[in-house]
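Beneath this line is the structure, given in structure tokens, with notes to follow.
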Amino acid sequence: FLLMSTEEYGLEITNNGPITTGAQATVHASLSMKNDSVASNLYHFNWIYAPLILIEKSEWRFNSVINVTGEFPGTFPVSVWVTHRNCWLCRPVARNVTVLQITEFITGNLTIAQIEDSRFITHGSSSSTGAVTRISFCLHDPSNYFKSASFVYNWDFGDGVYQITKEPFVYYNCSTMGNRTVHLKVIAEWEQIGSIIHERETVQKTGDFTTALELLDAVKSINVVGSRETHVMENLSLSLHINGTPPLALCWLIKSECIPLEGEKCHLVVINGSCYNLSHTFSDAGRYCLSVRVENGVTMLQTYHEIKVWPTGIHPAFFVLLCITLVSVTLGLVLYTTFRSNTQQKDLVEVADFDFSPLSDKNLSSHSESGCGQICCRSCFLRSPQEAARESHELLHSFYKPVKMYTV
């Protein structure tokens with residue numbers, strides 16, 4: 001846009017077209033200097049706009065504006081050059097050109113917005129299925145040319161549905177996914193005084209507009225599959241399952257707390273499916289939160305997944321097992337000590353009942369012999385009387401010898 005004849009000056013020129021025939025367009029030129037020391041308040045703007053008709057021209061210091069109109073459609077160049085005011089024959093300090101488009105039709109554009117929570121959210125050409133979509137027509141009339149006109153809007157939604165309104169917007173709801181093209185025909189009528197017979201006549205202008213409408217399924221859910229616990233320097237793998245129409249813009253971030261994700265301050269990826277796998281290794285123990293944001297051009301959804309990171313080699317199950325082991329060992333020691341104490345007391349009582357006097361030898365010997373005769377009679381008869389007597393004598397002599405030593 002900038003064209004300079006010298007290195008000290010720059011000239012920018014813009015217009016507010018396109019316009020319809022009969023309406024007015026504004027062309028603006030602005031002079032700038034790279035070196036303020038050469039600036040001067042005496043500059044003159046020279047315009048070339050033919051075959052357009054000049055309506056008004058204004059000029060002040062480093063700016064100039066002209067209003068022009070055209071009776072015929074077409075693309076018309078408008079150029080300007082700037083000279084010093086006191087030197088008409090001097091070489092221009094800067095020059096530039098712009099192109100103004102004039103059409104015989106109504107000018108404007110269609111916009112699409114989806115209604116969410118009683119708010120209008122613009123989504124370009126995309127909208128979600130099952131949601132109410134507002135399609136609006138925005139008239140481009142910078143000179144207020146259609147101020148007295150009445151409009152009729154004929155809508156064609158591309159699926160066999162038609163609608164006629166007097167308002168420049170319509171509400172549309174469709175439950176079927178897919179791409180379609182919305183057509184709009186705008187008709188404007190008003191009365192004006194004729195230029196030839198000077199009588200009031202009806203003037204009509206029309207305009208045809210189209211826009212692509214992409215109906216997507218909204219992002220309904222994000223399911224994070226994976227463990228909520230891991231160890232330091234251990235790779236944690238998680239799988240994200242998304243219920244929504246791809247392509248999906250997925251943004252994830254792991255911090256010490258759950259935060260809403262805004263902008264692009266996260267790990268941003270674009271996926272064409274419904275599943276995404278991510279892995280992360282933690283360098284410090286503590287509590288963390290995985291924040292996930294998914295959007296597909298029509299809706300946005302966020303979810304959070306808390307993660308506990310333990311020091312290396314330590315797991316909650318270890319503490320549980322250790323506690324159970326300690327309790328078991330303690331209980332076992334208590335039971336063993338109690339049982340042993342009771343047994344020792346019982347043994348002491350039984351030993352105290354024995355009579356270690358020498359008189360008890362005969363009683364014990366006779367008791368043994370009678371016992372053998374009553375209980376082990378068969379074994380006694382099998383052995384000879386000499387062997388039985390010798391065995392009995394050796395056993396009794398060995399058993400009661402310490403007792404006799406105590407009674408001497």
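Scanning for something more than 30 Å from ALA188 (Cβ to Cβ), open to solvent by 20 Å² or more (accessible area, probe 1.4 Å) and assigned to a strand (DSSP E or B), does the stretch 19-31 turn up at least one residue?
Scanning the stretch 19-31, I find at least one residue that is more than 30 Å from ALA188 (Cβ to Cβ), open to solvent by 20 Å² or more (accessible area, probe 1.4 Å) and assigned to a strand (DSSP E or B), so the answer is yes.
Considering every residue within the stretch 182-205, establish whether at least one is at pLDDT below 80, under 39 Å from the mean Cα position of the chain (by Cα) and more than 23 Å from GLU104 (Cβ to Cβ).
No, the conditions are met nowhere in the stretch 182-205.
Taking THR133 as the residue in question, decide whether it is of a type in the set (Val, Ile, Thr), under 44 Å from the mean Cα position of the chain (by Cα) and at pLDDT below 90.
Considered against the rule, which asks whether it is of a type in the set (Val, Ile, Thr), under 44 Å from the mean Cα position of the chain (by Cα) and at pLDDT below 90, THR133 comes out as yes.
In the stretch 82-108, which residues are outside any loop (DSSP other than H, G, I, E, B), open to solvent by 70 Å² or more (accessible area, probe 1.4 Å) and more than 27 Å from TYR153 (Cα to Cα)?
ARG95, VAL97, VAL99
Could you list all residues from the stretch 245-290 that are touching a Lys or Arg at 6+ places or on another chain (Cβ under 9 Å), open to solvent by less than 20 Å² (accessible area, probe 1.4 Å), under 28 Å from GLU214 (Cβ atoms) and in a strand (DSSP E or B)?
LEU250, CYS251
Among the residues of the stretch 1-18, which ones are open to solvent by 70 Å² or more (accessible area, probe 1.4 Å) and modelled with pLDDT of 90 or more?
Selection gives GLU12 alone.
Taking the condition within 24 Å of LYS308 (Cβ to Cβ) and in contact with a Ser or Thr (Cβ under 7 Å, 6 or more places away or on another chain), does LEU253 pass?
yes
Could you check THR122 against (1) of a type in the set (Val, Ile, Thr); (2) at pLDDT 95 or above; (3) open to solvent by 50 Å² or more (accessible area, probe 1.4 Å) and say which number it fails?
Unmet condition: (2).
The values are calculated or read from the model by the stated rules, or taken from the named source; none is laboratory data. Computed from a prediction, not measured in an experiment: that's the story for all the values here. All Cβ positions, even for glycine, are placed from backbone atoms using ideal geometry, and neighbour counts span all protein chains on display. Heads up: the accessible areas ignore ligands, DNA and RNA and are worked out on the full protein's heavy atoms, side chains in. Shrake-Rupley method; radii C 1.70, N 1.55, O 1.52, S 1.80 Å.
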